[in-house]
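**Q** Here it is: the structure, laid out below.
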Amino acid sequence: MKGTISTPNIGFKKLLLKRFEILEVNEYNTSKLYNKTFKELENVSVRKNKHKKHLHEILTPKEETERCIFVNRDKNACKNILYLGKYFLRNQSRPIEFCQKPKENKVVVKQRKPRQNLKTSDDKKSKILLSQKKEIVV
């Protein structure tokens, strides 16, 4: 942002690269999937009086479970990123649960009305206008 001090990410990364090997991790789905079952989580909603509020930082499983499970989004993401790192070192790939699914391109074809109908209506209007002008002139 303009007028603020930039974060030292690039410089910090260069310093670390001098001594360590760095693996960059794609964070896709790391906070969204539960770190033990890899099932999807959703935000917790809390009711206070008549108001309902969704808590972004606390998640719970979408499916009904035997116990109430509440998970901190950041801790869950950290555990999943650690899992991704270990999995990558063993298999040189990414688990299927954390892979992005390719988007399907949907093509919508709209049919236009034929132009001949439009021209005839325009011709009729112009003939009417011409006939009105002739009447006015006479």
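**Q** If the requirement is being surrounded by 11 or more Cβ atoms within 10 Å (Cβ to Cβ), in a loop (DSSP other than H, G, I, E, B), of a type outside the set (A, V, I, L, M, F, W, C) and modelled with pLDDT of 85 or more, which of these qualifies: Glu21, Glu97, Glu27?
**A** Values: Glu21 fails: surrounded by 11 or more Cβ atoms within 10 Å (Cβ to Cβ); Glu97 fails: in a loop (DSSP other than H, G, I, E, B).
Among Glu21, Glu97, Glu27, only Glu27 is surrounded by 11 or more Cβ atoms within 10 Å (Cβ to Cβ), in a loop (DSSP other than H, G, I, E, B), of a type outside the set (A, V, I, L, M, F, W, C) and modelled with pLDDT of 85 or more.
**Q** Restricting the first residue to the range 21-32 and requiring it to be closer than 8 Å to Phe98 by Cβ, which pairs with a second residue that is assigned to a loop (DSSP other than H, G, I, E, B) meet a Cβ separation below 6 Å and a spacing of at least six or different chains?
**A** Tyr28/Gln100
**Q** Scan the range 45-71 for residues that are part of a strand (DSSP E or B) and out of contact with any Leu (no Cβ under 8 Å at 6 or more places or on another chain) and jot them down.
**A** Correct list: Arg47, Lys48, His51, Lys52, Lys53, His54, Leu55, His56, Glu57, Ile58.
**Q** Given the structure, is Pro61 at pLDDT below 90 and touching a Lys or Arg at 6+ places or on another chain (Cβ under 8 Å)?
**A** Criteria met by Pro61.
**Q** Then there's this: Count, please, the residues in the range 62-101 that happen to be under 14 Å from Thr30 (Cα atoms) and in contact with a strand residue (DSSP E or B) (Cβ under 8 Å, 6 or more places away or on another chain).
**A** Residues that pass the stated criteria total 8.
**Q** Still on this structure, please answer the following. Given the condition among the aliphatic types (A, V, I, L, M), loosely packed, with under 11 Cβ neighbours inside 10 Å and free of Cβ contacts under 8 Å to residues at least 24 places away in the same chain, answer yes or no: does some residue in the range 71-85 qualify?
**A** No, every residue in the range 71-85 fails to be among the aliphatic types (A, V, I, L, M), loosely packed, with under 11 Cβ neighbours inside 10 Å and free of Cβ contacts under 8 Å to residues at least 24 places away in the same chain.
The values are calculated or read from the model by the stated rules, or taken from the named source; none is laboratory data. Just so it is clear, the model here is predicted, and its values are computed rather than measured. So basically every Cβ, Gly included, is an ideal-geometry build from the backbone, and we count neighbours across all protein chains shown.
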